[in-house]
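Beneath this line is the structure, given in structure tokens, with notes to follow.
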Amino acid sequence: MKRVAILGSTGSIGQQALQVIEKHRDKLSVLALSAGRNYSLLREQAFRFNPKILHIESHEHFLLLGKEFPEKEILWGGEGLSYIAGHPDVDILLVAIPSPIAIEPTITALKAGKRVALAAKEVLVCGGKLVKQAGGELIPVDSEHSAIFQLLRGEEGIKRIILTASGGPFLNTPLERFAEITPQEALQHPTWRMGKKITIDSATLFNKGLEIIEAMWLFDLSLSQIEVVIHPQSVIHSLVEFVDGALKAHLSLPDMRLPVQYALLYPQRFPSLIAPLDLTQFMLTFQPLDERRFPAVKLSKLAGEKGGTFPAVLCGADETAVELFLKGRIKFTDIVTLVEKALERHKGKEEPTLGDILQSYEWAKEEVLKETM
Ligand SMILES: NC(=O)c1ccc[n+]([C@@H]2O[C@H](COP(=O)([O-])OP(=O)(O)OC[C@H]3O[C@@H](n4cnc5c(N)ncnc54)[C@H](OP(=O)(O)O)[C@@H]3O)[C@@H](O)[C@H]2O)c1
């Protein structure tokens with residue numbers, strides 16, 4: 001029986017992870033749950049899964065939890081996350097908080113010899129070098145990276161990887177309409193059901209840009225070895241090309257419960273919650289990435305090439321720009337422009353500490369706010 005702690009249990013990944021754990025109750029149990037602001041859902045999850053430890057972002061909610069669950073260990077704030085990550089009873093830490101604040105608990109868990117199932121791409125994008133230096137067992141949850149991780153088992157001689165991208169809801173929208181795109185339209189992803197931030201990132205393709213940097217760190221590749229191809233059906237989750245010319249692909253219906261289960265139960269495979277794929281029902285198509293339509297990919301690669309604190313600026317600026325777009329305060333096309341401006345103004349650090357990374361991330365958020373005031 002493996003004991004799992006979930007950072008971000010009230011989010012899209014966290015909730016799907018709990019479904020996976022429920023299906024495999026004989027192999028997995030919940031030791032700790034952590035949430036940001038959704039007190040009522042965390043409370044519901046606590047009754048249902050009876051974890052020993054509960055964590056929430058705010059002190060006010062922490063006090064409420066203490067009254068409601070006097071028998072449990074209750075924590076709050078950033079320190080609580082690292083306490084959970086290093087707790088001796090945790091076997092697997094699922095990291096699903098979409099922010100570089102999850103870097104520190106990730107490193108703590110890796111150093112303490114726990115498996116980290118990593119969904120939060122911001123952790124490797126912003127703090128890749130520090131996380132890799134920690135060593136330990138890191139299993140990706142992002143569907144493309146889980147696919148590549150599975151494709152690489154027992155292999156060597158990798159030439160390049162090809163990340164697939166659905167192209168989001170605006171793959172065929174006339175470019176002159178982009179400035180008028182509304183949050184409601186951008187939240188309609190054609191193939192995946194996800195949290196709001198990643199859904200908007202999948203419409204601009206910043207999500208793919210972040211995934212390129214994530215893959216670079218995970219699989220020790222250069223940026224030139226990572227390509228993107230548009231595959232609107234989201235059935236092939238990624239491909240690997242080997243030096244002999246062989247190409248391997250990973251296929252399934254788009255459902256995050258599969259990569260979550262793979263990371264939690266690795267290296268074993270068991271029946272999962274996802275529906276089987278009937279290949280005769282799909283026409284699988286591919287097209288090249290149009291960088292004029294999706295400039296976010298090139299911009300992300302640029303930040304990845306510069307390295308140091310630039311990827312943290314990319315994450316921070318994009319996060320705030322997405323928030324402003326969702327509030328109706330900026331246009332869809334402003335997201336990329338604001339990120340580009342923040343990157344241009346940033347004076348980076350080449351070998352940043354965790355403090356430098358978090359500071360640059362916050363700096364970028366402020367820059368975007370200032371620019372839009
Ligand atoms: N969703 C997907 O299908 C999918 C697929 C591939 C990769 N990913 C990656 O997985 C990560 C999570 O995505 P998501 O879609 O699950 O995001 P989400 O739905 O927005 O959930 C984010 C989670 O993080 C929690 N959180 C935020 N700030 C926190 C803090 N300071 N302390 C503790 N918890 C905090 C939120 O809590 P509250 O809700 O309680 O505020 C929520 O539980 C992202 O990096 C994303 O790119 C997601």
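The values are calculated or read from the model by the stated rules, or taken from the named source; none is laboratory data. Small disclaimer: the values here were computed from a predicted structure and weren't measured. Every residue, glycine among them, receives a Cβ derived from its backbone with ideal geometry; neighbour counts consider all protein chains shown.
For the range 129-144, give me each residue that is surrounded by 20 or more Cβ atoms within 10 Å (Cβ to Cβ) and part of a helix (DSSP H, G or I).
Residues satisfying the conditions are Val131, Ser143, Glu144.
Quick grid of which residues meet (1) in contact with a Phe, Trp or Tyr (Cβ under 8 Å, 6 or more places away or on another chain); (2) surrounded by fewer than 19 Cβ atoms within 10 Å (Cβ to Cβ):
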site: Lys306; (1), (2): no, yes
site: Gly316; (1), (2): yes, no
site: Ile330; (1), (2): no, no
site: Asp334; (1), (2): yes, yes
site: Lys341; (1), (2): no, yes
site: His346; (1), (2): yes, no
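If the Cβ limit is 7 Å and pairs must be 6+ apart or interchain, which residue in the range 196-219 that is within 13 Å of the ligand (Cβ to nearest atom) pairs with which residue that is among the basic types (Lys, Arg)?
Partner pairs satisfying both residue conditions: Gly209/Lys301; Leu210/Lys121; Glu211/Lys121; Glu214/Lys121.
In the range 14-28, how many are touching a helix residue (DSSP H, G or I) at 6+ places or on another chain (Cβ under 7 Å) and within 15 Å of the ligand (Cβ to nearest atom)?
Qualifying residue count for the region: 5.
Residue check, Gln19 against (1) part of a helix (DSSP H, G or I); (2) buried (at least 17 other Cβ atoms within 10 Å of the Cβ); (3) not basic (Lys, Arg), all met but one. Which one?
(2)
Does Gly304 qualify as being under 26 Å from Leu221 (Cβ atoms) and without any contact (Cβ under 8 Å) to a residue 60 or more places away in the chain?
Here the answer is no, as Gly304 does not meet what is asked.
Exactly one condition in (1) buried (at least 17 other Cβ atoms within 10 Å of the Cβ); (2) over 23 Å from Leu152 (Cα atoms); (3) within 16 Å of the ligand (Cβ to nearest atom); (4) not assigned by TED's automatic domain parsing to the domain that holds Ile335 is false for Phe294; which is it?
Evaluating Phe294 over (1) buried (at least 17 other Cβ atoms within 10 Å of the Cβ); (2) over 23 Å from Leu152 (Cα atoms); (3) within 16 Å of the ligand (Cβ to nearest atom); (4) not assigned by TED's automatic domain parsing to the domain that holds Ile335 leaves (3) as the failure.
For the range 94-113, name all the residues that are more than 13 Å from the ligand (Cβ to nearest atom) and either modelled with pLDDT under 95 or closer than 21 Å to Glu73 by Cα (or both).
Passing the criteria: Thr108, Ala109, Ala112.
Given the residues Ala147, Ala119, Ala165, which is the only one that is within 14 Å of the ligand (Cβ to nearest atom), buried (at least 19 other Cβ atoms within 10 Å of the Cβ) and in the same structural domain as Ile84 (by TED's automatic domain parsing)?
Residue meeting the stated conditions: Ala119.
Identify, please: which residue in the range 29-59 is assigned to a strand (DSSP E or B) and within 16 Å of Gln19 (Cβ to Cβ) and is, among those, nearest to the ligand (Cβ to nearest atom)?
Checking each candidate, the answer is Leu33.
Determine whether Met283 is touching a residue at least 24 places away in the same chain (Cβ under 8 Å), out of contact with any helix residue (DSSP H, G or I) (no Cβ under 7 Å at 6 or more places or on another chain) and either surrounded by 16 or more Cβ atoms within 10 Å (Cβ to Cβ) or not β-branched (Val, Ile, Thr) (or both).
yes
With the requirement that a residue be at pLDDT 95 or above and within 7 Å of the ligand (Cβ to nearest atom), what does the range 185-195 give you?
Residues satisfying the conditions do not exist here.
Quick check on the range 69-106: of everything there that is part of a helix (DSSP H, G or I) and free of Cβ contacts under 8 Å to residues at least 40 places away in the same chain, which residue is farthest from His55 (Cα to Cα)?
Checked the range 69-106; the qualifying residue farthest from His55 (Cα to Cα) is Thr106.
Residues that are assigned to a helix (DSSP H, G or I), over 18 Å from Ser222 (Cβ atoms) and touching a Leu at 6+ places or on another chain (Cβ under 8 Å): does the range 156-169 have at least one?
Yes, the range 156-169 has at least one match.
Go through the range 302-322 and give me each residue that's over 17 Å from the mean Cα position of the chain (by Cα) and assigned to a helix (DSSP H, G or I).
Across the range 302-322, the qualifying residues are Leu302, Ala303, Glu305, Lys306, Phe310, Ala321.
Looking only at the range 198-242, filter to residues that are part of a loop (DSSP other than H, G, I, E, B) and polar (S, T, N, Q); which one of those is farthest from Leu171 (Cα to Cα)?
Ranking the candidates gives Ser222 first.
Kindly indicate the residue of the range 60-79 that is within 14 Å of the ligand (Cβ to nearest atom) and closer than 19 Å to Leu93 by Cα and also farthest from the chain's Cα centre (by Cα) among those meeting that condition.
Ile74
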